[in-house]
Amino acid sequence: MESGSLKTPLVNKEEEEEEEVRTSSSITSDLLLSTSVAVTGSFVYGCAMSYSSPAQSDIMEELGLSVTDYSFFTSIMTFGGMITAAFSGKIAALIGRRQTMWISDVFCLFGWLAIAFAQDKMLLNIGRGFLGFGVGLISYVVPVYIAEITPQKIRGGFSFSNQLLQSFGISLMFLIGNFFHWRILALLSAVPCGIQMICLFLIPESPRWLAMYGRDRELEVTLKRLRGENSDLLEEAAEIRETVETSRRESQSGVKDLFNMKNAHPLIIGLGLMLLQQFCGSSAISAYAARIFVTAGFPSNIGTSILAVILVPQSLIVMFAVDRCGRRPLLISSSIGLCISSFFIGLSYYLQKHGDFQEFCSPMLMVGLVGYVVSFGIGLGGLPWVIMSEVFPVNVKVTAGSLVTVSNWFFSWIVIFSFNFMMQWSAFGIYYIFSGVSLVSAIFVWTLVPETKGRTLEDIQTSLGQHS
């Protein structure tokens, strides 16, 4: 009896060590390269999202823009993103994930150059709109591509690299935006687009996309590249083919199939997470960080630099923690943190307006914003996209992905366009609203969002009642 009790922990330890060896061996150089190239698009997305923050005062002064004009300029990117997001799933399914990323680079490259050389608000808005076309495709295809090329044991961490590179793009804009003219900033932002356009020729297409078109030989070659020469690929290849064939037999991807009752749960999860992600105010913080600090009487260059410094480290920590802690705990912790942080930001504005405890206003604002950025990064920033790529089956992934992405851009457009006007209405009131939405997010995740850590896409979708 004693020997048995001593042997069990040793056996468990050996199993854990074997599992770690299998996991580490599945991380190949081609998998790392493919993920790195894909998330370069996420970096471009982050730069585009936060460009308007450091550029606001200089653009408004040089081109004579009003607050309404600049709100339109900032928000038109989300409107452009909404347009291409409506077709992103169809485009990615028709021409492949890799070529979709290449097209997004063409849009973004033109957009950055148009902004850099704009002499009036028309070309400025056209450039911003083309950026929206590009990042609208990026927001769908990057998380889907990464989810489809990575083994389930490490899928969460790799998928979260999407959020990591977005954070890095935002950080870079916040930092160098304090030193470079807005035109130079736009030209620098175009460089990653060109790099990704070239590197896309070096990575494979998604195995699931190849299976959808019956390209079995390429599927096996791609899996061997991604998993390594010595990996046993027969089971995974068969599982991918079976999933694709089952979905094809059930129906063709379409709106009617998406709104079938068996897809109600994942649809509620996808749309709900995107709505809550945006209505907690995340896009407004990225787009108008400098203005938020100025309004509160805090030096914007210091404030945005502090935010930039903490963005990347916290994203790195979450990237390695997401497959250990799970999606649900991180999402709930994120929502609660956002609720508390937004309340502190609102309280700092309230005290400043009423002349009470003035010496505490700036520190409270800084604590609130740092807490907000950290809280958003650990969950609601990237995990909704990870979960979106996991919960929908292949036969509706195209339509569902497009609908969820369009909804995200639409909600983002509402927040970004209205934020300046809401700040004029009540600076503290808008953050109390964000705080309330964040509390709703925690309840939503607790009651409706399942844990997907360490599970195959097929297992997740079966548990949600999507297969007969």
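Per DSSP H run of at least 4 residues, take -39500 (n - 2.57); add these up for the chain, divide by its residues and hand me the 222 nm value, nearest 500 deg cm²/dmol. Walk me through the numbers on the way to the answer.
Working: 21 runs with 389 residues, N = 468.
Result for the chain: -28500 deg cm²/dmol, rounded to the nearest 500.
How far, in degrees from 0 to 90, does helix 394-425 lean away from the longest principal axis of the Cα atoms of the chain, to the nearest 10?
Once rounded, one gets 20 degrees.
Computing the accessible area with a 1.4 Å probe over protein heavy atoms, can you report the carbon and sulfur percentage for the chain?
Carbon and sulfur atoms account for 67 percent of the accessible area of the chain.
What value in Å³ per residue do you get for the convex hull of the alpha-carbon atoms in region 292-370? Before the final figure, lay out each step's value.
Details: hull volume 6.4 nm³, N = 79.
Output value, Cα hull per residue: 81 Å³.
Percent of Cα-Cα pairs per 20 Å bin, from 0 to the last occupied bin, for the chain, please list those.
25, 55, 18, 2, 0
For the chain, report the accessible area per residue in Å² (1.4 Å probe, heavy atoms, rounded to an integer).
Numbers: 19040 Å² over 468 residues.
Per-residue value: 41 Å².
Taking only C-alpha pairs under 8 Å that are 6+ residues apart, what is the relative contact order of the chain in percent?
24
Positive end of the charge dipole of the chain (Lys, Arg +1 and Asp, Glu -1 on Cβ, about the Cα centre): tell me which of L94, L338, T295 has its Cα farthest that way.
Of the options given, the answer is T295.
If one takes the longest principal axis of the Cα atoms in the chain, at what angle in degrees, from 0 to 90 and to the nearest 10, does the Cα axis of helix 67-95 lie?
The helix 67-95 is inclined about 10 degrees to the chain.
Can you compute the charge dipole magnitude of the chain about its Cα centre, using +1 on each Lys and Arg Cβ and -1 on each Asp and Glu Cβ, nothing else charged? Give it in debye, rounded to the nearest 20.
Computed about the Cα centre, the dipole is about 900 debye.
Among I115, I378, L311, whose Cα projects farthest towards the positive end of the dipole of the chain, with charges put on the beta-carbon of Lys, Arg (+1) and Asp, Glu (-1)?
Result: I115, furthest along the dipole toward the positive end.
Take the residue pairs K121/K397; K153/K224; K153/K397; K90/K453 and return only those whose Cα atoms are more than 26 Å apart.
Values: K121/K397 38 Å; K153/K224 17 Å; K153/K397 21 Å; K90/K453 28 Å.
From the list (K121/K397; K153/K224; K153/K397; K90/K453), the Cα-Cα distance tops 26 Å for K121/K397; K90/K453.
What nm value, rounded to one decimal, do you get for the distance between S426 and L32 when each label is placed 7 Å out toward the C-beta?
Going from the S426 label point to the L32 one covers 5.2 nm.
What is the Cα coordinate range of region 39-128 on the first, second and third principal axes, sorted by size from largest, in whole angstrom?
Over region 39-128, Cα extents along the principal axes are 44, 22, 19 Å.
What is the distance, in nm, between label points placed 7 Å from the Cα along the Cα-to-Cβ direction at V294 and at F180?
The modelled label-to-label distance comes out at 2.0 nm.
Give me the Debye-computed log₁₀ of I(q)/I(0) at q = 0.13, 0.21, 0.22, 0.30 Å⁻¹ for region 110-172, equal point scatterers on Cα only, no solvent, two decimals.
Rounded to two decimals, the profile gives -0.49, -0.85, -0.89, -1.11.
The values are calculated or read from the model by the stated rules, or taken from the named source; none is laboratory data. From a predicted model like this one, the values you see are computed outputs, not experimental measurements. Neighbour counts run over all protein chains shown; Cβ positions are idealised from the backbone, glycine included. These accessible areas exclude ligands, DNA and RNA; they are computed on the full protein's heavy atoms, side chains included. Shrake-Rupley method; radii C 1.70, N 1.55, O 1.52, S 1.80 Å.
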